[in-house]
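A short reminder: the numbers here are calculations on the coordinates, not readings from a lab. Because the structure is predicted, anything quoted here is derived from the model rather than measured. Counting neighbours? That spans all protein chains shown, and the Cβs are built from the backbone with ideal geometry, glycine included.
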Amino acid sequence: MMTQTIPKPPDGISTSLVTARGLTKSFGEGNARISVLKGVDLDVFMGEVLLLVGPSGSGKTTLLSVIAGILDADEGELSILEQSITNFSAAAKTQFRRDYLSFVFQQYNLLPTLTAAENAAVPLFIRGVPKKMALETAAEILAELGMGERLQSLPSKLSGGEQQRVAIARALVGDPRLLLCDEPTASLDGETGHKVVEQLQHIGKRSNRAVIIVTHDSRIFEFGDRIVHMEDGQIDQVQHVNGEPT
């Protein structure tokens, strides 16, 4: 097993929003047990857009899911916003995600009977924001993503790329402290993908926010502060964008 070092922060960024130490995760039992995370150490800093890259099966999405509290690590410590969530109950993790995190999945998970604007506004509805205000906020974000003319469209009338933009708007509408994205540009053309990642970057560059993006899309590498390479359940290299590996 390779020896890992804790990756250094980008220049000008020093306060950690996510701190992970020694995270392990396995699936299966007995001879079928597979170790997916093998002692991952990682800091994600406030004001940072961090890209997680690596071959399929390297542990990227599993790490993202552990950070999100969707999966529990087998071992290790995880703190977000200086709160140790390692021993949170399932209910506490759900509450924490609702208040501070948003997740953009590979699958859009849109509600088929709601319009684009209504789907994007769902997190605000859950928080009790008045409907008119929630829809106006959702419409503003959708317009920034090039969806201003599709606000009243149902998911069945939208292309895959348009549905992805609605899913991204839904993640952004609550102004999360930590935004977790799993292949957000996979179904988008180059121009639309750039618009989407520019919006994600805008969120991440705020001093008290951070964005983690799992991606195979080299077209968006320029938008990150660091590119974290994973291989066989570990971090094997960290590239500072426009800089040297650490």
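Put in line by how crowded their Cβ is, counting other Cβ atoms within 10 Å and starting with the fewest, Leu17, Leu111 read Leu111, Leu17. Considering only alpha-carbon pairs that sit under 8 angstrom and 6 or more positions apart, the relative contact order computed for region 16-240 is 30 percent.
Answer rounded, prolate or oblate for region 95-168, using the Cα gyration tensor with square roots of eigenvalues a ≥ b ≥ c: rounded when a/c is under 1.5, else prolate when a/b is larger than b/c, else oblate. It comes out oblate by the Cα gyration axes.
Highest mobility in the GNM of the chain, judged by mean-square fluctuation with C-alpha springs under 10 Å and restricted to Ser153, Ser35, Ser89, is found for Ser89. Taking only the Cα atoms of region 16-240, the ratio Rg/Rh comes out at 0.97, with Rh defined as the Kirkwood radius. Take the Cβ atoms of Phe221 and Lys132, set R0 to 45 Å, and the FRET efficiency comes out at 0.65.
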